[in-house]
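See structure below.
The values are calculated or read from the model by the stated rules, or taken from the named source; none is laboratory data. The model shown is predicted, which means the values in this text are computed figures rather than measured ones. Cβ placement follows ideal geometry from the backbone for every residue including glycine, while neighbour counts extend to all protein chains displayed.
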Amino acid sequence: MEDKRRVAVIILNWNGKKFLEQFLPAVCEFSKGIAEVYVADNASTDDSVSFLKANFQDVKIIINPKNGGFAYGYNTSLAKIDAEYYILLNSDVEVTKNWIGPIISLLDGDKIIGAVQPKIKSFSNPGYFEYAGAAGGFIDVYGYPFCRGRIFDTIEKDENQYNDVKEIFWATGACLFIRAELYHLLGGFDEDLFSHQEEIDLCWRMKLLGHKVMYCPSSEVMHYGGGMLPKSNPFKTYLNFRNNLIILCKNHPSGNLLWKIIVRVVLDGIASFRYLLMGNRKDASAIIKGHFHFYRSLPKTLKKRKALKSRNLKPATCIYKRSIVKKYFIQHKTYFSQLNSSDFS
């Protein structure tokens, strides 16, 4: 294990040489003297590792034995890094000059804060927020995720409307600052999720232990987006719907969970039918496959739920107590600012 560092930046890479070439120089420049930079390689088949060794001698390289996805890659790599704070950073993120300092100050100032994300803007359209994280993540009463600055496919222009430090429900895995000790206490990411929404699961478990997740707008990064899986990829659709159901079943408090799962079957069925009407059979099929995988994995998920419930849990905060599907598609509330703040726990 490495000697303990205060801050470690860890970039998970799989066949991402083009992103390392484009974005790693700024990471190194704006992390110098503040954080140690690591690239954790998930058994890439391109020349990522040889490129790193030839061009970035100051970057530490961790080579994982297989591509087990986002969750496995980080769990395996972070077990080898001893630091106070981890910064989990996508390879397709461009950082800015003051991206680390404000968030570390926020973490230092409140030990209850477990994780923080910066403002996430679009690399290709810098005036707008970026899909994966925007100005902080939330979920609705049925477990559907959305963000300040992005609800479903509506992405807002950044007009400084979300420039307040705010508690959120989940922080994006594209640029996630987290206390290392808490990460390991929680057991890291759930590797059964493979990729997509595992950060939501981690943040939910963090909140159930009484920790806060925050958004810090004075730190800003640009996300290319879709670097590993394009937004329209059916496998991504499958993972998102499957994982979201697993997360809901695993972390939701007792009571009306069964009813919510039933509602989700109906709503996800409508989403699948909508894809069919759009001529997108592969995504429609992916939603159905995601549901069947969820049903098959129920015994394992319920076992995890039981283990989690054995802890002294707190009520999770920052949950939207209404249906974001209804608000968006029926009532046409497409901006976060149109939602009533009193409807959040």
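Residues in the range 47-67 that are touching a strand residue (DSSP E or B) at 6+ places or on another chain (Cβ under 6 Å) and not in a helix (DSSP H, G or I): V59, K60, I61, I62, I63, N64, N67. Residues of the range 117-146 that are within 16 Å of H223 (Cβ to Cβ), assigned to a strand (DSSP E or B) and of a type in the set (A, V, I, L, M): I120 alone. Of the residues contained in the range 24-42, one or more are found to be in contact (Cβ under 8 Å) with a residue 60 or more places away in the chain and aromatic (F, W, Y).
Set side by side, the residues K306, K314, K289, K300 differ, and just one is over 19 Å from F138 (Cβ atoms), at pLDDT below 95 and not small (G, A, S), which is K306.
Just one of the listed residues (F70, F30) is in contact with a strand residue (DSSP E or B) (Cβ under 7 Å, 6 or more places away or on another chain), part of a helix (DSSP H, G or I), at pLDDT 95 or above and of a type outside the set (D, E), namely F30. Would you call F138 over 12 Å from the mean Cα position of the chain (by Cα) and assigned by TED's automatic domain parsing to the domain that holds I87? Answer is no for this residue. Evaluation of E181 against the conditions (1) crowded, with 16+ Cβ neighbours inside 10 Å; (2) outside the structural domain of S297 (by TED's automatic domain parsing); (3) acidic (D, E) shows that the sole unmet condition is (1). For the range 35-62, which residues satisfy the criterion of being surrounded by fewer than 14 Cβ atoms within 10 Å (Cβ to Cβ) and under 14 Å from I10 (Cα atoms)? Selection gives D58 alone.
Please verify whether V263 is among the β-branched types (V, I, T) and assigned to a helix (DSSP H, G or I), treating the condition exactly as stated. Spelling it out, V263 is indeed among the β-branched types (V, I, T) and assigned to a helix (DSSP H, G or I).
Residue count for the range 237-254 under the criterion of being closer than 16 Å to D283 by Cα and touching a helix residue (DSSP H, G or I) at 6+ places or on another chain (Cβ under 7 Å): the result is 5.
Annotation: A115 fulfils all but one of (1) more than 27 Å from K314 (Cα to Cα); (2) surrounded by 22 or more Cβ atoms within 10 Å (Cβ to Cβ); the unmet one is (1).
In summary, Y131 fulfils each of the numbered conditions (1) closer than 18 Å to Y224 by Cβ; (2) more than 20 Å from the chain's Cα centre (by Cα); (3) in contact (Cβ under 8 Å) with a residue 40 or more places away in the chain with the single exception of condition (2).
Annotation: F294 fulfils all but one of (1) over 22 Å from the mean Cα position of the chain (by Cα); (2) crowded, with 19+ Cβ neighbours inside 10 Å; the unmet one is (1).
Select from the range 147-178 the residues that are aliphatic (A, V, I, L, M) and part of a loop (DSSP other than H, G, I, E, B) and write down the one among them that is farthest from A132 (Cα to Cα). Filtering first and then ranking leaves V165. With the structure loaded, tell me whether V141 is in contact with a Leu (Cβ under 8 Å, 6 or more places away or on another chain) and among the hydrophobic types (A, V, I, L, M, F, W, C) or whether it fails that test. No: the conditions fail for V141. Out of curiosity, is S77 assigned to a helix (DSSP H, G or I), hydroxyl-bearing (S, T, Y) and without any contact (Cβ under 8 Å) to a residue 12 or more places away in the chain? Spelling it out, it is not the case that S77 is assigned to a helix (DSSP H, G or I), hydroxyl-bearing (S, T, Y) and without any contact (Cβ under 8 Å) to a residue 12 or more places away in the chain. With the structure loaded, tell me whether N98 is over 15 Å from the mean Cα position of the chain (by Cα), at negative phi, not in a strand (DSSP E or B) and not hydroxyl-bearing (S, T, Y) or whether it fails that test. Against the criterion (over 15 Å from the mean Cα position of the chain (by Cα), at negative phi, not in a strand (DSSP E or B) and not hydroxyl-bearing (S, T, Y)), N98 qualifies.
Residue selection: E156 satisfies the criterion of being crowded, with 18+ Cβ neighbours inside 10 Å and among the charged types (D, E, K, R). Can you find a residue in the range 6-20 that is at pLDDT below 95, in contact with a Gly (Cβ under 8 Å, 6 or more places away or on another chain), assigned to a helix (DSSP H, G or I) and not acidic (D, E)? No: zero hits.
Pairs are defined by a Cβ separation below 8 Å, a sequence spacing of at least 6 or placement on different chains, a first member in the range 115-128 that is farther than 16 Å from D164 by Cα and touching a residue at least 40 places away in the same chain (Cβ under 8 Å), and a second member that is assigned to a strand (DSSP E or B) and among the charged types (D, E, K, R); the pairs so defined are A115/R179; F123/E94.
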